[in-house]
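The values are calculated or read from the model by the stated rules, or taken from the named source; none is laboratory data. Treat the numbers as computed from the prediction; the structure is a model and nothing was measured. A quick note on method: Cβ atoms are made from the backbone with ideal geometry, for glycine too, and the neighbour counts reach across all protein chains shown. Areas reflect the complete protein model, heavy atoms only, side chains present, ligands, DNA and RNA absent. Shrake-Rupley method; radii C 1.70, N 1.55, O 1.52, S 1.80 Å.
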Amino acid sequence: MGIDPSAKVHASAIIDDGAVIGADCQIGPFCTVGRQVKLGKGVELKSHVVVTGDTEIGDETVVFPFSVIGEIPQDLKFAGENTKLIIGKRNRIREHVTMNTGTAGGGYITRVGDDGLFMAGCHVAHDAQIGNKVILVNNVAVAGHVVIEDDVIVGGLSGLHQWVRIGRGAIIGALSMVTADVLPHALVQGPRGELDGLNLVGLKRRGVDRADITALRAAFLMLKQGEGSFQERAARLGEESDSDYVREMVEFITGDSDRGFLTPK
């Protein structure tokens with residue numbers, strides 16, 4: 001408990017009683033760390049960083065100047081209940097990023113996975129659930145209750161509407177407003193985000209087998225042009241395809257959704 005002897009804390013930093021500062025942490029000048037904060041091994045707060053609330057930051061995460069991590073939600077329904085923000089390991093949280101704790105109505109926890117990159121000016125709102133290896137480019141706004149699965153990239157100045165789900169491996173183009181769920185491995189672009197194909201570049205970069213990419217392409221065409229409703233076409237895909245990637249897409253479509261889906265044009 002307390003400040004590990006191996007941690008380096010600048011003389012101008014303020015560490016409240018009760019905070020837990022792990023081994024080899026570096027707390028730079030003019031940082032503020034609240035009493036409920038827990039920093040894992042090797043966490044670095046560059047300078048002028050505020051970490052407050054019931055917040056945990058995982059090992060080797062680096063937070064850059066003027067970020068505010070763990071403040072209360074920007075939600076008028078928030079009544080001061082004890083809620084949390086949990087951030088995983090090896091994240092890079094750049095300048096002026098804000099991340100809020102959860103709310104009672106959203107499960108009490110905002111959660112960020114491992115190995116993410118959150119570029120300057122991003123906002124992660126209350127009760128968001130963000131997976132591993134997610135990249136939010138500059139000034140992305142993630143609204144409350146959003147779910148972002150692993151390996152997603154969201155382009156700069158984009159906004160994600162509350163309750164939207166972004167499937168694994170999807171990519172959102174810059175300057176997009178996303179108001180409905182995005183299928184795994186999909187490509188979305190346009191001012192009012194439209195489903196515009198598959199994230200083929202991302203699939204190839206991750207070394208996905210050519211047969212799976214071909215199966216995803218066929219699945220996308222069936223969702224776009226097949227008979228019946230969107231949900232009916234998805235159900236047939238689940239019965240006909242033996243690709244794990246296609247099954248993942250079908251499970252995403254048939255899962256719970258509060259926003260509906262972006263569908264192929």
Sequence gap at least 6, Cα distance under 8 Å: using those rules, report the relative contact order of the stretch 1-71 to the nearest whole percent. 25
What is the helix-to-structure angle for 210-225, meaning the angle in degrees between its Cα long axis and the longest Cα principal axis of the chain, kept from 0 to 90 and rounded to the nearest 10? 70
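Report the charge-dipole magnitude of the stretch 55-192 in Debye, nearest 20, computed about the Cα centre from +1 at each Lys and Arg Cβ and -1 at each Asp and Glu Cβ.
Working: 11 positive and 14 negative charges, 50 e Å.
In debye, rounded to 20, the stretch 55-192 gives about 240.
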What spacing in nm lies between the two simple spin-label points modelled at Arg90 and Leu76, each 7 Å away from Cα in the Cβ direction? 4.3
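Rounded to the nearest 0.05, what FRET efficiency is calculated for Arg210 and His10 with R0 set to 35 Å and r the Cβ-Cβ distance?
On the way: r = 52 Å, r/R0 = 1.49.
Approximately 0.10, to the nearest 0.05.
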Between Phe30 and Asn139, what length in nm is gained on full extension when 0.36 nm per residue of separation is reduced by their alpha carbon distance? 36.8 nm
Helical mean residue ellipticity (222 nm; -39500 (n - 2.57) per DSSP H run of 4+; nearest 500) of the chain: -5000 deg cm²/dmol
On Cα atoms only, tilt of 230-240 relative to the major axis of the chain in degrees: 80
Taking a ≥ b ≥ c as the square roots of the eigenvalues of the Cα gyration tensor of the stretch 25-171, is the shape rounded (a/c under 1.5), prolate (a/b larger than b/c) or oblate? oblate
Mind jotting down the distance between the C-alpha centroids of the stretch 75-121 and the stretch 1-65, whole Å? 16
Contact order relative to length for the chain, counting C-alpha pairs under 8 Å separated by 6 or more residues, stands in percent at 8
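Below 8 Å between Cα atoms, with a sequence gap of 6+, how large is the relative contact order for the stretch 175-257 in percent? Present the calculation step by step, with values, prior to reporting the outcome.
Values: 84 pairs, mean separation 19.5, N = 83.
About 24 percent, as a whole number.
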Could you do me a favour and compute the accessible area per residue for the stretch 1-160, 1.4 Å probe, result in Å²? 42
Could you work out how far apart the two model spin labels at Ser47 and Phe230 are, taking each label as a point 7 Å from the Cα in the direction of the beta carbon, and quote it in nm? 4.9
In a Gaussian network model over the chain where Cα atoms closer than 10 Å are linked, find which of Asp150, Asp196, Asp59 has the largest mean-square fluctuation. Asp196
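Just to confirm the filter: which GluC sites (Glu not before Pro) across the stretch 191-265 are DSSP coil and have at most 16 other Cβ within 10 angstrom of their Cβ?
Answer by residue number: Glu227.
Cα gyration tensor of the stretch 162-265, axes a ≥ b ≥ c as square roots of the eigenvalues: rounded (a/c below 1.5), prolate (a/b > b/c) or oblate? The partial results should precede the final answer.
Working: a/c = 1.68, a/b = 1.15, b/c = 1.46.
Oblate, because a/c is 1.5 or more while a/b does not exceed b/c.
Rounded, prolate or oblate: which one fits the stretch 137-194, using the alpha carbon gyration tensor with axes a ≥ b ≥ c (rounded when a/c is under 1.5, else prolate when a/b beats b/c, else oblate)?
Details: a/c = 1.30, a/b = 1.10, b/c = 1.18.
The shape class here is rounded.
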For the pair Ala218/Leu175, report the inter-label distance in nm, with labels modelled 7 Å from Cα in the Cβ direction. 3.8
I'd like the orientation of helix 244-254 relative to the chain: the angle between its Cα long axis and the longest Cα principal axis, in ° from 0 to 90, rounded to 10. 80
